[in-house]
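K.L.:
Questions regarding the structure given below will be posed in turn.
The values are calculated or read from the model by the stated rules, or taken from the named source; none is laboratory data. Because the structure is predicted, anything quoted here is derived from the model rather than measured. Glycine gets a Cβ as well: all are built from the backbone with ideal geometry, and neighbour counts include every protein chain shown.
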Amino acid sequence: MSYSAKVKAEIVQDLAISQPEFMALLSAVMKVCGTLTLLPGKGIGFRISTENTGTARFLLKELREQVDEAVTIMVSQSSTLKKRNLYLIAFDDVPNLKKLLFETGILSSEGDHLVIDESIPKEWVKTDLLRRAYLKGAFLGSGSISNPEKQYHMEFVTHSENYGNELIKLLSSYKLTPKMIKRKGSNIVYLKEGDQIVDLLSIIGAHQALLEIENIRILKGMRNDINRLVNCETANLSKTVNASVRQMEAIRRIQRTIGLNRLPENVRQVAELRVNNPDATLKELGSMMEPPVGKSGINHRLRRLEKIAEEIDE
């Protein structure tokens, strides 16, 4: 089961929904994955297609209870390489189908003509509960979410740029910042930020998936923090080693030429300590002095050693 299928299964599992909320959800599903058909001798028909078993089962149950018993379902195999089952929920024999299409905002009238409406019906997004139900339907019908272990990405596939823009407005009402791109003839409304995906999962009722993503984000954050610390420690260690090598080279040049005995007493002591403790830090070298010397004092004397070695070379 894909990660998207798992999230959709969670949304519909034991979902108790009122009639207005279901109509809002149904309006979204019909917009994003529904198709108007012409039936010989019967006029128009309508079908919803989905590959998600849980979504198909939930829709069929609620449609028969809240819309009409005449709703039927057919199962076929999709044309994709994976040959998944494709569930077709048919409204062909629903007596009041045209009325339902107007109620859900699939059709509207312009004078004497019927037109396919690409907008989101205001009737089904006028309250917070209805907006949440509508977004549930949009995700069940055309949404997908990537496995958060790999990347943060959640999207809705829409067939109309106008509808995509309306969906963006609806998502923006929850302070989300979705974007839209074209892909293979469709308009994709998507989110890439982990915290925004978590917010949207909360809105559509996928709380288990929300907690899972939060746990993954925490673990990723910890790994990133550890990597930063390791990189910082490695950089500091490299810096210390390079400085120690440079200081040892300076001390050897002084030994080969004028000898350490020609150095001022405090500088000579640090030189001898560095030779005997090549891996020690400045703080550790300072604690070995009698009396102890701070890091800045040790650093100053080591710089003097390097300067003396440069003067000898010149």
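K.L.:
Contact list please: Cβ distance under 8 Å, first residue in region 257-274 and within 17 Å of Asp313 (Cβ to Cβ) and not assigned by TED's automatic domain parsing to the domain that holds Ala309, second residue among the hydrophobic types (A, V, I, L, M, F, W, C) and assigned to a helix (DSSP H, G or I), pairs at least six apart or on different chains.
P.N.:
Qualifying pairs under 8 Å: none.
K.L.:
Taking region 183-234 only, how many residues are in contact with a Gly (Cβ under 8 Å, 6 or more places away or on another chain) and of a type in the set (D, E, K, R)?
P.N.:
Counting residues in region 183-234 that are in contact with a Gly (Cβ under 8 Å, 6 or more places away or on another chain) and of a type in the set (D, E, K, R) gives 1.
K.L.:
Now, a different point. Does Leu36 meet the test of being under 24 Å from Ile116 (Cβ atoms), of a type outside the set (Val, Ile, Thr) and part of a helix (DSSP H, G or I)? Steps first, answer last, please.
P.N.:
Working: under 24 Å from Ile116 (Cβ atoms): yes; of a type outside the set (Val, Ile, Thr): yes; part of a helix (DSSP H, G or I): no.
The answer is no for Leu36.
K.L.:
If I filter region 151-191 down to residues being loosely packed, with under 15 Cβ neighbours inside 10 Å and charged (D, E, K, R), which single residue comes out as farthest from Lys136 (Cα to Cα)?
P.N.:
So, considering only residues that are loosely packed, with under 15 Cβ neighbours inside 10 Å and charged (D, E, K, R), the one farthest from Lys136 (Cα to Cα) is Lys184.
K.L.:
Now, a different point. Could you check how many residues of region 276-298 are of a type in the set (Val, Ile, Thr) and either in contact with a helix residue (DSSP H, G or I) (Cβ under 6 Å, 6 or more places away or on another chain) or touching a residue at least 60 places away in the same chain (Cβ under 8 Å) (or both)? Show your work before the answer.
P.N.:
Restricting attention to region 276-298, the residues satisfying the condition of being of a type in the set (Val, Ile, Thr) are 281, 293, 298.
Now restrict to residues that are either in contact with a helix residue (DSSP H, G or I) (Cβ under 6 Å, 6 or more places away or on another chain) or touching a residue at least 60 places away in the same chain (Cβ under 8 Å) (or both): 293, 298.
The total comes to 2.
K.L.:
Step by step: first the residues of region 205-242, then only those that are without any contact (Cβ under 8 Å) to a residue 12 or more places away in the chain and of a type in the set (Gly, Ala, Ser), then the one that is nearest to Leu130 (Cα to Cα). Which residue is that?
P.N.:
Among residues in region 205-242 that are without any contact (Cβ under 8 Å) to a residue 12 or more places away in the chain and of a type in the set (Gly, Ala, Ser), the one nearest to Leu130 (Cα to Cα) is Gly221.
K.L.:
Let me ask something else. Could you list, in sequence order, all residues of region 288-302 that are surrounded by 13 or more Cβ atoms within 10 Å (Cβ to Cβ) and assigned to a helix (DSSP H, G or I)?
P.N.:
Quick first cut of region 288-302, residues surrounded by 13 or more Cβ atoms within 10 Å (Cβ to Cβ) only: 288-289, 293-295, 297-302.
Result: Met288, Lys295, Gly297, Ile298, Asn299, His300, Arg301, Leu302.
K.L.:
Further, regarding this structure: Could you check region 128-205 for strands (runs of 3 or more DSSP E) lying wholly inside it with 2 or more residues that are closer than 20 Å to Glu51 by Cα? Spell out the reasoning first.
P.N.:
Numbers: elements: 143-145, 154-158, 179-183, 186-191.
The qualifying strands (runs of 3 or more DSSP E) are 143-145, 154-158, 186-191.
K.L.:
Give Ile17, Ile11, Ile73, Ile44 a once-over and let me know the one that is surrounded by 15 or more Cβ atoms within 10 Å (Cβ to Cβ), part of a helix (DSSP H, G or I), β-branched (Val, Ile, Thr) and in the same structural domain as Phe102 (by TED's automatic domain parsing).
P.N.:
Within the list Ile17, Ile11, Ile73, Ile44, the selection yields Ile11.
K.L.:
Examine region 218-234 for a residue that is over 30 Å from Val12 (Cβ atoms) and either among the basic types (Lys, Arg) or modelled with pLDDT of 95 or more (or both), and state whether such a residue exists. Working first, answer last.
P.N.:
Filtering region 218-234 for residues over 30 Å from Val12 (Cβ atoms) gives 221-234.
Next cut, either among the basic types (Lys, Arg) or modelled with pLDDT of 95 or more (or both) only: 223, 228.
Scanning region 218-234, I find at least one residue that is over 30 Å from Val12 (Cβ atoms) and either among the basic types (Lys, Arg) or modelled with pLDDT of 95 or more (or both), so the answer is yes.
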